[in-house]
Amino acid sequence: MKLTVYHDGQYWVGVAERSEGSKIKACRHIFGSEPADGEVMEFVQRRLLPLLEGTRHGVEGRAPDPKRVNPKRLAREVARETRARGVSAYAQEAMKLELEERKKERQLLSRQRRDELREAKRQLKVKQAKEKRRGR
């Protein structure tokens, strides 16, 4: 699991990535103003796992190497990732898929609500026309 916190120009954003086998799931959390260490720790302890559990889609990515990594190499890789200050392409793709699915669900629900509202208005007009015909 990996959490990247960066400033996107307007807000401080945290992107959490979690790999399950060869699948990578990612989610985004907007902190707003610059988060203090305590705020980030509270987010990790309380809200990170439920947020990651809410993601349904993952992207096929490269499987992590199971072999042991030299500590110096690991330190260099961590430093390189810290300098990069970006989010992996797999995480961006996973977040994009999740966003698209939620958009489709939202469109479907709004279409259903709109159709129900139209039907209710139609029924009201039919009822009013019948009452008008009966002379009420």
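Within segment 83-136, being surrounded by 10 or more Cβ atoms within 10 Å (Cβ to Cβ) and part of a loop (DSSP other than H, G, I, E, B) holds for Arg85, Gly86, Val87, Ser88. Looking only at segment 66-76, decide whether some residue is assigned to a helix (DSSP H, G or I) and among the hydrophobic types (A, V, I, L, M, F, W, C). For segment 66-76, residues assigned to a helix (DSSP H, G or I) and among the hydrophobic types (A, V, I, L, M, F, W, C): present.
Looking at Val87, Val44 in this structure, which one is under 23 Å from Leu3 (Cα atoms) and at pLDDT below 80?
Val87
The strands (runs of 3 or more DSSP E) found entirely in segment 1-61 that carry 3 or more residues being touching a residue at least 60 places away in the same chain (Cβ under 8 Å) and under 22 Å from Arg83 (Cα atoms) are 23-32.
Tell me, yes or no, whether segment 52-59 has at least one residue that is closer than 20 Å to Tyr6 by Cα and at pLDDT below 85.
Yes, segment 52-59 contains a residue that is closer than 20 Å to Tyr6 by Cα and at pLDDT below 85.
Scanning segment 40-51 for residues that are over 14 Å from Ile30 (Cα atoms) and in contact with a strand residue (DSSP E or B) (Cβ under 6 Å, 6 or more places away or on another chain) yields no hits at all. Take the conditions out of contact with any helix residue (DSSP H, G or I) (no Cβ under 8 Å at 6 or more places or on another chain) and surrounded by 10 or more Cβ atoms within 10 Å (Cβ to Cβ) and apply them to Leu3. Does it pass? No; evaluated as a whole, the condition is false for this residue. The lone criterion from (1) open to solvent by less than 70 Å² (accessible area, probe 1.4 Å); (2) within 22 Å of Leu97 (Cβ to Cβ) left unmet by Glu42 is number (2).
Note on segment 15-39: residues that are over 17 Å from Gln92 (Cβ atoms) and either exposed (fewer than 13 other Cβ atoms within 10 Å of the Cβ) or among the aromatic types (Phe, Trp, Tyr) (or both) amount to 10.
The values are calculated or read from the model by the stated rules, or taken from the named source; none is laboratory data. The structure presented is a predicted model; accordingly, all values stated were derived computationally and were not measured. Here the Cβ is made from the backbone with ideal geometry for all residues, glycine too, and neighbour counts use every protein chain on show. Side chains are part of the model used for accessible areas, which takes the heavy atoms of the whole protein and leaves out ligands, DNA and RNA. Shrake-Rupley method; radii C 1.70, N 1.55, O 1.52, S 1.80 Å.
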